[in-house]
Structure formats: C-alpha cells, structure tokens
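Student: The structure under discussion is supplied below as structure tokens; questions concerning it will follow.
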C-alpha cells in the first residue's frame, strides 16, 4: 500500500480492544454499507459468528487520481470498493498505458497479484473513493473455514476470467460502435445491480480511457457515441449518458451479455 494515503480502521475502538474487536467493527461497517449485498457474504444471524467477522477490515480513503496499489508492489491484501470508482491500468513494454478494467462499488479486486506475489497493474481512483482492505492471509483462512466465503471468492475469480474473455472476444470480432454500445449496456447493468439508475448515469472515465479498454481511439469512441445518439438509442451530454432505448440498443447490437 502506498504511504501517502492514511488507513482508517472500521472502528476506532478496534485499534486497542481485544482480539474479538473485529467482529463488532466489521458488523458496524458493513451494516451501513449500501453495496453490502454485492460484496462479501452476508454476516451470520444475530448471536452467531462467521470466519469473516474475525477478519480485520480497514478502510482507506482515496482522492481522485491516487493509487490503491501500484504495479510491482507485493500482493498482501484484497480490496473491496465501498464507494467511488477505480481503474486498473497495466504499463506496456513501449511505455503506453492499457486500461484493463473499471471497478464499481461492491466489487472485489487485487486477486491478479496472487499468481506471482506482485501486482501486475496499478489501480487508482477515477473520483474520490473508499476501499475496504482485507489481509489476504486471514481472508484465505476464512475461505477455508466457510463454504459461503469460499464460494463467493471462487465466483468472483471466475467472473473476472469470463469478463476478460468477453472483452477480448468483443475487441477481436466486433466493430467499434458495437464495442461502445456493449460497454454502455454492461455498465448500465452493473449500476442497476448496485441500486443506481440503469438509464441515466455519469461516466467517471474519460473517452480516452474507454478507448484504451475497448481497443479504440478517443476520436472513435466520441464518434460512436454521436452515432448512437443520432440513432435515438442514447442521449449524450459530455459525460452524462441517458440510455433512451435500452431494448432497441440490445436488439441492434447482438453481442451484449
């Protein structure tokens, strides 16, 4: 973790209390989280304790542009995005940056570094954000003791693999306009799952970042958005997107999920 960003525990008392303190702190933090239903498995019924409740969780505030971790750093933690949005970027051999993914609230990330022990990408904030920081060693122990935790982590890793293959196939076999349309539909779906509006939303990433993710240029992304607007599928005002005809958009572009 970078040293210029403070780490905040989920509960002030948890810093000096007994070893059972993470239970109360974790319950308090997660009970007020608006995206807890798409994050780690729900807490157990009142009066019981799950392995996850014994896992210490810290919170970390990020300002726009600040990194959660950088490429090459040791992989010791798994992260959950509490609010805001993030991008994951890899540095190519020629020095160019390649956007690998965008993270929304409730999503877990940081698994990529488990293969080598080093993070292969830099993850930074697209806007002010907050992440929950979970030590991987304790999270692994929790997964060994709980089928629900193990299932959720396995499902998360499988979903990342499926998405990577979907994006690779999208770039390899579709026109730019279809890529942009599919990107908007996918983003809309993810926002809906988190309780946000699926029809109208603000793009936190730039057109250049979208282009990097989709294998297109900034100019191409802008041209595709204009085309979708002319066809009546969306309204575009700078970074504000309104999907006017989601059914028509899905019907017209057949490769979306």
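Student: Of everything in segment 112-140, what is modelled with pLDDT under 90 and in contact with a helix residue (DSSP H, G or I) (Cβ under 7 Å, 6 or more places away or on another chain)? Give them in sequence order.
Tutor: None - no residue of segment 112-140 is modelled with pLDDT under 90 and in contact with a helix residue (DSSP H, G or I) (Cβ under 7 Å, 6 or more places away or on another chain), so the list stays empty.
Student: Follow-up question, since we're still on this one. Where residues in segment 98-111 are more than 19 Å from residue 189 (Cβ to Cβ) and in contact with a helix residue (DSSP H, G or I) (Cβ under 7 Å, 6 or more places away or on another chain), which of them is modelled with the lowest pLDDT?
Tutor: My answer is 111.
Student: Quick check on this structure: which one of 90, 168, 145, 159 is within 24 Å of residue 58 (Cβ to Cβ) and outside the structural domain of residue 206 (by TED's automatic domain parsing)?
Tutor: Values: 90 fails: within 24 Å of residue 58 (Cβ to Cβ); 168 fails: within 24 Å of residue 58 (Cβ to Cβ); 159 fails: within 24 Å of residue 58 (Cβ to Cβ).
Checking each option against the conditions leaves just 145.
Student: Over 20 Å from residue 81 (Cα atoms), outside the structural domain of residue 91 (by TED's automatic domain parsing) and surrounded by fewer than 15 Cβ atoms within 10 Å (Cβ to Cβ), is that true of residue 182?
Tutor: Working: over 20 Å from residue 81 (Cα atoms): yes; outside the structural domain of residue 91 (by TED's automatic domain parsing): yes; surrounded by fewer than 15 Cβ atoms within 10 Å (Cβ to Cβ): no.
No, not satisfied.
Student: Name the one entry in 198, 168 that is touching a strand residue (DSSP E or B) at 6+ places or on another chain (Cβ under 8 Å) and either exposed (fewer than 13 other Cβ atoms within 10 Å of the Cβ) or in a loop (DSSP other than H, G, I, E, B) (or both).
Tutor: 198
Student: Is it fair to say residue 226 is at pLDDT 95 or above, part of a helix (DSSP H, G or I) and surrounded by fewer than 16 Cβ atoms within 10 Å (Cβ to Cβ)?
Tutor: In short, yes.
The values are calculated or read from the model by the stated rules, or taken from the named source; none is laboratory data. As the structure is a computational prediction, the values presented were derived from the model and not from experiment. Don't worry about glycine lacking a Cβ; one is built from the backbone with ideal geometry, like all the others, and counts go over all protein chains shown.
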